[in-house]
1. Could we say that H141 is modelled with pLDDT under 75, assigned by TED's automatic domain parsing to the domain that holds S80 and either surrounded by 15 or more Cβ atoms within 10 Å (Cβ to Cβ) or within 20 Å of V229 (Cβ to Cβ) (or both) here?
2. Let me confirm something: among A78, A48, A59, which residue is assigned to a helix (DSSP H, G or I), farther than 24 Å from I203 by Cα and among the hydrophobic types (A, V, I, L, M, F, W, C)?
3. Evaluate segment 56-73: report whether one residue or more is exposed (fewer than 13 other Cβ atoms within 10 Å of the Cβ), more than 30 Å from A160 (Cβ to Cβ) and either touching a Leu at 6+ places or on another chain (Cβ under 8 Å) or assigned by TED's automatic domain parsing to the domain that holds A234 (or both).
4. Applying the selection to segment 183-220, what residues are modelled with pLDDT of 75 or more and either touching a strand residue (DSSP E or B) at 6+ places or on another chain (Cβ under 6 Å) or buried (at least 21 other Cβ atoms within 10 Å of the Cβ) (or both)?
5. Say whether the condition of being within 30 Å of G242 (Cβ to Cβ), among the β-branched types (V, I, T) and modelled with pLDDT under 90 is met by at least one residue in segment 57-75.
6. Out of everything in segment 78-96 that is of a type in the set (A, V, I, L, M) and within 35 Å of the chain's Cα centre (by Cα), what residue ends up being nearest to M226 (Cα to Cα)?
7. On the given criteria, is G167 farther than 19 Å from Q147 by Cα, modelled with pLDDT of 80 or more and assigned to a helix (DSSP H, G or I)?
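The values are calculated or read from the model by the stated rules, or taken from the named source; none is laboratory data. Because the structure is a prediction, the values reported are computed rather than measured. Positions of Cβ are generated from backbone atoms using ideal geometry, with glycine treated the same way; all protein chains shown enter the neighbour counts.
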Amino acid sequence: MYLIRQQRWLLSLSASFLSISAYAAEETLDNPYGLSALWAQGDWVAKATLLILVLMSMASWYVIFTKLMDQNRVMGFAQSANASFWNAGTVQQGAEGLEADSPFRYIAEKGLEGASKHTGLLGAVDFNTWVTMSIQRAMNHVQSRMQDGLAVLATVGSTAPFVGLFGTVWGIYNALVKIGMSGQASIDKVAGPVGESLIMTAIGLAVAVPAVLGYNWLVRRNKLAMEEVQAFGADLHAVLLGTGPGTQPVTASNSQ
């Protein structure tokens, strides 16, 4: 009798666990707060808002990875320029020894071009001032190229929370509409729209935070890279002043 009672108790316990598991699985499948439910139950405004947030996230991560690779290449070009350029016999030879797409070669070529074109009306400009302007223009162009894409991160970081907030407001509005149409504030009328609102808020923050962190990180790395560029430009300016006007330019590359 004791064994029979134990078996019956185990069977009833197993049945209870199975029923609880089945109920939990059903609750998981019918979860009104999930992304699948958001997409299935949301209207075209909610779906458009979600797609906009996804596109903003993809754009920000693309900019982060591409700019990181570009900055690594610039730092590599800086090491190459410091190792080989200043050991060359002339500025032209040093520029020809750099990579074709190196921003340091571009600056050297523009400096040589400015030093060689100090004639005619440009001859009225002080040579020191003219060479300084030529090198500064080249460095400004390099800096502008290095800042490409950062505006995307700034825009995403500043607007993504508001896009998510719009989705939140729209979800709460739908909840209020359903309450008004049903005449009662039952949980089944408000659970889905409120869950939709919370998801939109979370996605907006998840999109904005990496964009802001990536923007600040890339701006800091840009500053370090530009310090190398400015140091190279200052040294090149001193060398060109020592060489004097009439220096023959190299063929300008189109890499920058």
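1. When the stated conditions are applied, H141 does not pass them.
2. A78
3. no
4. I199, M200, I203, G204, V207, A208, A211, G214, Y215, L218
5. Looking for residues that are within 30 Å of G242 (Cβ to Cβ), among the β-branched types (V, I, T) and modelled with pLDDT under 90, one finds none in segment 57-75, hence no.
6. Top of the filtered list is A78.
7. Here the answer is yes, as G167 does meet what is asked.
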